[in-house]
Amino acid sequence: MEVIIRPTTDAAAGLVAALVAASVRENPRLVVGFATGRTMERVYALLVREHREHGLSFAGITTFNLDEYTGLPAGSTDTYRSYMHERFFRHIDINPANTHLPDGNAADLDAECAAYEERIAAAGGIDLQLLGIGAVGHIGFNEPLSALRSRTRVKALSPKTIEQNAGAFGGDPNKVPRRAITMGVGTILDSRRILLLATGTDKAEIIARAVEGPVTGMISASALQLHSRCTVIVDETAAVRLTEQEYYRWIFDNEPEWKAYQ
Ligand code: GLP
């Protein structure tokens with residue numbers, strides 16, 4: 001794992017967008033894992049700009065989103081399918097048939113989870129996975145005590161997650177679904193490269209625990225320490241609780257891989 005600290009929220013999101021754009025340019029048939037949440041909105045806005053102003057094409061990529069709420073009414077604008085469509089997919093030249101999210105309204109949710117794993121495998125696995133982090137330290141909806149080897153499955157949401165996500169439901173926690181389909185921690189760890197983006201003071205404590213604390217099922221993001229190519233990108237405010245900041249800054253300033261992004 002490596003940690004990159006950027007001065008502002010915009011610079012942190014900009015680095016993630018630049019890394020995605022470079023990966024798509026290098027491999028136009030990239031298989032990308034996308035995440036939702038407020039943090040990612042800026043990344044998608046920047047990628048849309050890259051498409052419009054610099055002609056970045058997404059026509060050949062295949063996408064798999066991390067998760068989806070279960071049981072929202074058909075056509076609800078609160079689904080992650082709707083989030084991705086509104087903020088990203090409808091603004092770019094992606095082939096809708098190549099965009100995958102779990103179906104939270106499937107008649108048989110367990111079968112849907114198994115089928116989702118099969119679809120990822122059939123696409124050749126995920127090349128690049130984007131992640132945010134929730135207040136409980138989740139990646140996707142891998143709530144506390146998620147098995148570190150878990151696969152795509154239905155998960156009950158913790159009270160803290162319901163509270164955190166209530167904003168998207170008019171601030172009413174009672175409107176937040178109680179369950180979601182999520183890629184497992186093991187599914188996520190199978191991705192070839194992982195980028196986790198966290199910004200803002202609210203994320204400082206959980207980022208420090210996930211990155212510098214012990215690997216534990218209580219904080220599923222801590223499992224990323226087991227991945228051989230995971231980059232955690234934070235802004236200054238999300239970095240304040242990290243103890244090895246000096247080392248992380250040195251890496252960004254000196255390692256050849258980061259020269260093109262300075
Ligand atoms: C939801 C998603 C997570 C995401 C988290 C972060 O819970 N299921 O995948 O990491 O939101 O949200 P935000 O970026 O709004 O803090």
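Report the FRET efficiency, 1/(1 + (r/R0)^6), for ALA156 and HIS54, where r is their Cβ-Cβ distance and R0 is 41 Å, rounded to 0.05. Please report the intermediate quantities before stating the final value.
Numbers: r = 43 Å, r/R0 = 1.04.
Taking R0 as 41 Å, the efficiency between ALA156 and HIS54 is 0.45.
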Expressed in nm to one decimal, what extension gain is obtained for the pair ARG229 and ARG29 from 0.36 nm per residue of sequence separation less their Cα-Cα distance? 70.0 nm
Assertion target for VAL48, VAL215, ordered by fewest C-beta neighbours within 10 angstrom first, is VAL215, VAL48
Once amide H atoms are placed 1.01 Å from N in the peptide plane, what residues at a sequence separation of 5 or more from VAL232, or on another chain, have their amide H within under 5 Å of its amide H? GLU2, VAL3, ILE4, LEU196
Along each of the three principal axes of the Cα atoms of the range 175-262, give the extent in whole Å, ordering the values from largest to smallest. 44, 29, 26
222 nm mean residue ellipticity, helices alone, for the chain (DSSP H n ≥ 4; -39,500 (n - 2.57); rounded to 500): -10500 deg cm²/dmol
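Using Cβ counts within 10 Å as a stand-in for footprinting exposure, how do TRP250, TRP258 rank, fewest first? Walk me through the numbers on the way to the answer.
Values: TRP250 11, TRP258 15.
In order of increasing Cβ crowding within 10 Å: TRP250, TRP258.
What ranking do VAL154, VAL185 get, fewest neighbouring Cβ atoms within 10 angstrom at the top?
Working: VAL154 16, VAL185 25.
Placing the least packed residue first, the sequence is VAL154, VAL185.
How much length, in nm to one decimal, is gained on full extension between ALA115 and THR243, taken as 0.36 nm per residue of separation minus their Cα-Cα distance?
Values: separation 128, 0.36 × 128 = 46.08 nm, distance 4.18 nm.
The span from ALA115 to THR243 would gain 41.9 nm if fully extended.
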Most mobile listed residue (PHE64, PHE34, PHE169) in the chain, GNM with C-alpha springs under 10 Å: PHE169
Any idea what log10 I(q)/I(0) is at q = 0.11, 0.20, 0.21 Å⁻¹ for the range 85-160, Debye with uniform C-alpha scatterers and no solvent? -0.37, -1.18, -1.25
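Once you keep just the Cα pairs under 8 angstrom separated by 6 or more residues, what percentage relative contact order results for the chain? Don't skip to the end; give the middle numbers.
On the way: 517 pairs, mean separation 66.4, N = 262.
It comes to 25 percent, rounded to a whole number.
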Rg/Rh ratio calculated on Cα atoms of the chain (Kirkwood radius): 0.94
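None of the figures in this text is laboratory data; all of them are computed from the coordinates on show. Treat the numbers as computed from the prediction; the structure is a model and nothing was measured. Glycine gets a Cβ as well: all are built from the backbone with ideal geometry, and neighbour counts include every protein chain shown.
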